[in-house]
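> Mind looking over this structure? Questions follow.
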Amino acid sequence: MKQFGFNLKNWREAVVFSVTYTVPTMMLIVLLKIIVLLYTDNFAMNAILTPYASIQHTTSGTLSKLHVWLLTATLYLLLIAPLQEIITRGGIQTSLQNFLVGKYATLRAIVVSNLIFAAIHAYISLIAAVLVFIPGMFCGWIYAKQKTLIAPIISHMLIGFWAIWIVGFEFL
């Protein structure tokens, strides 16, 4: 199990490493939103931070928008993001790293595992699939550097929550 990232080896260092590199990435997401707002018509009247955008079109008779926001964000943080990292990094990337040989085996494992990760998001939209590829590469790099699933899970949780539930990329 250790080989597949299920370990607590240097977990404090992994957490610090993950957060240190993830926060600037989160700022790049804000910059991307600003660029989208400036250069696309469909976002012309939107704010930079729109926390409720992910539930804007939700209609529920019993749950308020805040409840839906909290429920979906919690589900994402506690279940979806960790499972995606366990499958993508722990399963696919680790297996590819063990299977592939050569100088760039780890890089190829990261790219291939992220192509699969991005393809899984294609049901949302092609834009979503393309956009998750980039932070996916980032999480793959973090996993390769730290060799524990703790680091990419934390990074994935922070980036996903920030991009969808705070910055409010509606098309994701």
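> Scan region 94-105 and give yes if some residue there is closer than 22 Å to Met26 by Cα and of a type in the set (A, V, I, L, M, F, W, C), otherwise no.
No, region 94-105 contains no residue that is closer than 22 Å to Met26 by Cα and of a type in the set (A, V, I, L, M, F, W, C).
> Considering region 8-42 alone, what residues qualify as being in contact with a helix residue (DSSP H, G or I) (Cβ under 8 Å, 6 or more places away or on another chain), farther than 11 Å from Ile154 by Cβ and of a type in the set (S, T, N, Q)?
Listed by number, the residues that qualify are Asn10, Thr25.
> Among the residues of region 87-104, which ones are in contact with a Ser or Thr (Cβ under 8 Å, 6 or more places away or on another chain) and not aliphatic (A, V, I, L, M)?
Thr88, Arg89, Gln93, Gln97
> Follow-up. Which count do you get for residues in region 126-172 that are over 19 Å from Ile92 (Cβ atoms), in a loop (DSSP other than H, G, I, E, B) and open to solvent by 30 Å² or more (accessible area, probe 1.4 Å)?
The qualifying residues number 3.
> Next question, about the same structure. State which residue is most open to solvent (accessible area, probe 1.4 Å) when the search covers only region 1-20 and only residues that are of a type in the set (S, T, N, Q) and farther than 15 Å from Pro82 by Cα.
If we filter region 1-20 for residues that are of a type in the set (S, T, N, Q), which is where we start, we get 3, 7, 10, 18, 20.
When the remaining residues are screened for being farther than 15 Å from Pro82 by Cα, the result is 3, 10, 20.
On the way: Gln3: 113, Asn10: 88, Thr20: 81 Å².
Within region 1-20, the match that is most open to solvent (accessible area, probe 1.4 Å) is Gln3.
> Of everything in region 36-65, what is open to solvent by 80 Å² or more (accessible area, probe 1.4 Å), of a type in the set (A, V, I, L, M) and modelled with pLDDT of 80 or more? Give them in sequence order.
Filtering region 36-65 down to residues open to solvent by 80 Å² or more (accessible area, probe 1.4 Å) leaves 38-39, 41-42, 45, 49, 52, 56-57, 59, 61-62, 65.
Now narrow it down to the ones that are of a type in the set (A, V, I, L, M): 38, 45, 49.
Listed by number, the residues that qualify are Leu38, Leu49.
> Please work out which one of (1) touching a helix residue (DSSP H, G or I) at 6+ places or on another chain (Cβ under 9 Å); (2) among the polar types (S, T, N, Q); (3) open to solvent by 60 Å² or more (accessible area, probe 1.4 Å) is the condition Asn114 fails and give its number.
(3)
The values are calculated or read from the model by the stated rules, or taken from the named source; none is laboratory data. Predicted, not measured: the structure shown is a model, and the values here were computed from it. A quick note on method: Cβ atoms are made from the backbone with ideal geometry, for glycine too, and the neighbour counts reach across all protein chains shown. Each accessible area value is taken on the protein alone, full model and side chains, heavy atoms only, with ligands, DNA and RNA left out. Shrake-Rupley method; radii C 1.70, N 1.55, O 1.52, S 1.80 Å.
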